[in-house]
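Readers should treat all values here as calculations from the given coordinates under stated rules, not as data from a laboratory. Being a predicted model, the structure only gives us computed values, none of them experimental. Here the Cβ is made from the backbone with ideal geometry for all residues, glycine too, and neighbour counts use every protein chain on show.
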Amino acid sequence: MARIDAENWEPKILAFCCNWCTYTGADLAGLNRMKYPDNIRIVRVPCSGRVNPQFILRGFQKGYDGVLVCGCHPGDCHYTSGNYFTRRRFLLMKRLLEYAGIETGRFQARWISGAEAAKFRDTVLKVTEEIRALGPNHRMKEADDHE
Amino acid sequence: MSDVQNTLRDRVRSLLAEGKISCFIGWGPTRFKDRTIPKFANKPEDAGELVYNEHCLSNLAKYALDFQFSAEVAGIAVRGCESRAINRLIADGRLTRSKLYLVGIPCEGMLENGSTAEKCAFCRHRNPVVYDELIGEPVAEQENPPRFEQVLELESASSEDRYDFWQREFAKCIRCYACRNACPACNCMECYTEQYRTGWQGKQANTLENSVFGFTRAYHIGDRCIECGECERVCPMGIPLMKLNRKLVKDVESLFGSEESGLSDDASHALGCYDKEDLEEFM
Amino acid sequence: MELKKENLEKALTALTRLGKVLVPGVVDGVKKFVPYAAGADIDLDMVNTTLPPKDVLFPQTQKMYRFTTGPDAAFEEISDAEEQILFGARPCDAQSIDCLDKVFLSGEYTDAYYADKRGKLTIVAAACAKAAPTCFCRSMGVDPGGAPNADLLLAPTAGGWNLHCQSDKGKAVLEALSGLLEDADGQALPPAQPELVVDMAPVAEKISTMFEHPIWDELHRPCIGCGTCTFVCPTCYCFEMGPEMHGAEGTEMRYWDSCMFSEYTRMAGGHNPRPSAKERLRNRYLHKLSYFVERYGQTLCVGCGRCVEKCPANLDISRAIEMIGEAKTE
């Protein structure tokens, strides 16, 4: 594996996408041949409510530079209320992460519906650029030499 | 305080003699003048060994879990902090109110190394919020103790300084889990750290894993913390854990308008419910 | 020979030429043995550090080896032992190292990681002239005025320490300190007399018969099941091993475990032979006061009082010793 250094560094972003809205939106973006950066790694989840806040910490530990959680718009949840819980959970988690010293912007959440392919593309573009500006994340990250 | 101690002993003696309770959880003496130990009075004659003084630092509420599967009624001394912890444990489905007999004691704060204990400094509920009988007269509550002062101070530091602050503090952690075991809100049957090979929590005691544990625990109890300060008191390494918990308490109060945890045994807590009108930041 | 207090910093600096010097100090409010560096917050007057020196020989997390899985499976041993000088360890600390030596070095199996570090360790013990309220070393057979297994003993005087060489490693330390020592001995201070005294004699007599004794039904009740006592204990040596994986690569580690944790004895399938605090506390006390004595002829408690000081519930092993001594047996 080639070493990653300052020259060839690219932000690596973990994106949790709800199966019913955002993942479908991402699919639609693909069908429409929309271009967005390949910096995100999508994990499909049945509902944004499936995303345990510990997943976010785990993402930073394992070397992601940013974590994005996406779900249906409030009111549109396939399971009626899952994303209302998500909203509370991550309003709190976002603040805790910032208090813990993770830079603002490393963790983000967005509501993107199945029809919003363009919003998905724009979100990925915007989040990637924001995290690129922040640079590689070293906080809460396991040591590079696997120790 | 010796009046309270005498009344407590008399009452416990009668309660045990009458068979109203099978055991009473209070404090007892140790060989050191400035320390007490949780004491379990099983027989009327044990009541005379109960102690109540300014060194009763332990929050007793979690010992009530020892009786969770017992058919008998357990008695327990409750000050403000214990009463809220009992409410918390009932709300979390771990205790049944009818199987507890709560002897309330208004409290003016305990001593630690000769001055007011840190855990009592920001107390807003010196009088028990629930009890079956009260010993002594209610005391005046502290008016608006600046409980979020330390949080606000750290919030105003730079992101880098905040990170360094917590990493330095968690570098001290020895992962004894005293914070978790003393905490009335940490009442899971099985803690995520004990889940074998789930990979949630590395067992290696390094700063990163320690801080992952610290932040995760804080989040897990964030909406249920009763601010009793036991975690910080029992930490053998002196990590300022309440500075973390109060951050979450503060955010839960300001974001969701929740009342303080443990004021009632109502099961709702901020992350267990929602409001359609909650703040929208993710659009 | 006497080392004057004013020469202490110079002496420690001189010793850094022999290896890493660990001295009692305070880091972010925690009293422990810290690598000496000029200007460090060191304190040789504190009676006991909060954290014991066992970490020096038996780290809380010891990386054992790196490995790769799959067709190209490979191992790479990790050896991080270096020359270390434990300076200012108390007689109880020195005795605790003797206990650890028995566990890791005696018998059929020698622990390579421990042996490696132990061979490179020089112990410079400092006798105690004062005791903390929680100290009860004398009751556990430890002399606060001596440390037989130390390489060099520092006996406190009014203005410093008299040096007593006890081994070849001790001689090397003396050579490194040449020029910093007074030829004459100073007026030695009398060794500490801990106020806390318990009688081990009746315990030794009957403890092996007390496994089923009702005393355990009450003794454990204040215990909250944390690992504080075992982690601040200088002699508790239980560990667990496990890997940290990164894809196909991993590092095998061993880390301190605690017999007070509920999952310590949990077996595959969920059965736990020590299901409650009662069995766990009984095991800890019996290990300290009975099992270890049967195996090695000495107690695994050195009377340092760290667990007494730090227990969140104020459980007190010295009180347990008294209660066991007073207990009626058939």
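Based on the reciprocal of the average 1/r between different C-alpha atoms, the Kirkwood radius for chain B equals 20.0 Å.
The label point for B:A267 and the one for C:A184, both projected 7 Å from the Cα toward the Cβ, are 8.2 nm apart.
For the range C:188-206 versus the range A:32-101, the spacing of their alpha-carbon centroids is 60 Å.
Here C:K169 is the anchor, and the lysines within straight C-alpha reach of less than 26 Å, apart from those fewer than 8 places off in the same chain, are C:K4, C:K5, C:K10, C:K20, C:K32, C:K54, C:K102, C:K117, C:K120.
For B:K33, the aspartates and glutamates whose Cα comes closer than 15 Å to its Cα, not counting residues fewer than 8 places off in the same chain, are B:E49, B:E54, B:E112, C:E195, C:E309, C:D316.
Stokes-Einstein D for the range B:200-266 at 25 °C, 0.890 mPa s, Kirkwood Rh over Cα pairs, in µm²/s?
For these conditions, the coefficient is 189 µm²/s.
Find, to one decimal place in angstroms, the Kirkwood hydrodynamic radius of the protein assembly as shown, where the mean of 1/r is taken over every pair of different Cα atoms and then inverted. Every distinct Cα pair counted, the radius reaches 28.8 Å.
Most exposed first by the Cβ proxy, i.e. fewest other Cβ within 10 Å, how do A:H73, B:H220 rank?
On the way: A:H73 16, B:H220 21.
By the 10 Å Cβ count, ascending, the order reads A:H73, B:H220.
Here the dipole of the range C:201-326 is about 180 debye; that uses its Cα centre as origin and unit charges on the Cβ of Lys and Arg (positive) and Asp and Glu (negative). Rounded to the nearest 5, what % of the DSSP beta bridges within the protein assembly as shown are antiparallel ones? Taking every DSSP beta bridge with both residues in the protein assembly as shown, the antiparallel ones total about 55 percent. Go ahead and run the numbers for FRET between C:E108 and C:A327, Cβ-Cβ distance against an R0 of 51 Å, rounding to 0.05. Once rounded, the FRET efficiency stands at 0.90.
Diagonalising the gyration tensor over the Cα atoms of the range C:1-153 and scaling each eigenvalue by 5 before taking the square root yields semi-axes of 31, 20, 14 Å, largest first. Isolated cysteines of chain B, defined as having no other cysteine beta carbon under 4.7 Å away, are B:C23, B:C56, B:C107, B:C120, B:C123, B:C173, B:C176, B:C188, B:C191, B:C225, B:C235, B:C273.
Qualifying chymotrypsin sites (Phe, Trp or Tyr not before Pro) in the range B:218-283, where qualification requires a DSSP coil assignment and no more than 10 other C-beta atoms within 10 Å, are lacking entirely.
Suppose every K and R has +1 on its Cβ and every D and E has -1 on its Cβ; what is the size of the dipole of the protein assembly as shown about the Cα centre, in Debye to the nearest 20?
Here the protein assembly as shown has a charge dipole of around 1220 debye.
Once the convex hull of all Cα atoms in the range C:92-132 is built, its volume per residue stands at 68 Å³.
Magnitude of the charge dipole for the range A:1-98, about its Cα centre and with charges confined to Cβ atoms of Lys, Arg (+1) and Asp, Glu (-1), is about 360 debye. Modelled this way, with points 7 Å down the Cα-to-C-beta line, the labels at B:E18 and C:E294 are 4.9 nm from one another.
Arrange C:K5, B:K39, C:K31 by Cβ neighbour counts within 10 Å, fewest through most, would you?
Fewest to most other Cβ atoms nearby, the residues stand as C:K5, C:K31, B:K39.
Spatially close Lys pairs in chain A, defined by Cα atoms under 21 Å apart and a spacing of eight or more places or different chains, total 12. Computed from the Cβ-Cβ distance with R0 of 22 Å, the FRET efficiency linking C:E82 to C:R17 stands at 0.95.
The distance between label points at B:E49 and B:S2 comes to 2.2 nm (points 7 Å beyond Cα on the Cα→Cβ vector). Considering only B:H269, B:V129, B:A171, the residue lying farthest towards the positive end of the dipole of chain B is B:A171, judged by Cα position with unit charges set on Cβ. Here the residues B:R217, C:R138, C:R274, ranked from fewest to most Cβ neighbours within 10 Å of their Cβ, fall in the order C:R274, C:R138, B:R217.
Could you quote the convex hull projected area for the range B:149-272, Cα atoms only and averaged over all directions, in nm²? That works out to 8.1 nm².
Residue ranges C:121-134, B:41-54 sort as C:121-134, B:41-54 when ordered by packing (mean number of other C-beta atoms within 10 Å per residue, highest first). Ordering A:I131, A:N52, A:G75 by Cα displacement along the dipole of the range A:13-133 toward the positive end leaves A:N52 in first place; charges were set at the Cβ atoms of Lys, Arg (+1) and Asp, Glu (-1).
Comparing C:T209, C:L300, C:M267 along the charge dipole axis of the range C:201-326, the residue lying farthest to the positive side is C:T209, per the Cβ-charge model. Once divided by 2.2 N^0.38 Å, the Cα radius of gyration of chain C becomes 1.07.
In terms of Cα to Cα distance under 26 Å, which lysines are near enough to C:K328, apart from those fewer than 8 places away along the same chain? Here the lysines satisfying the reach criterion relative to C:K328 are B:K39, B:K43, C:K206, C:K278, C:K288. Chain A: percent of C-alpha pairs farther apart than 23 Å? Tail of the P(r) past 23 Å holds 35 percent of the pairs.
Placing R0 at 22 angstrom, the Cβ-Cβ distance between C:D217 and C:T265 gives a FRET efficiency of 0.70 after rounding to 0.05.
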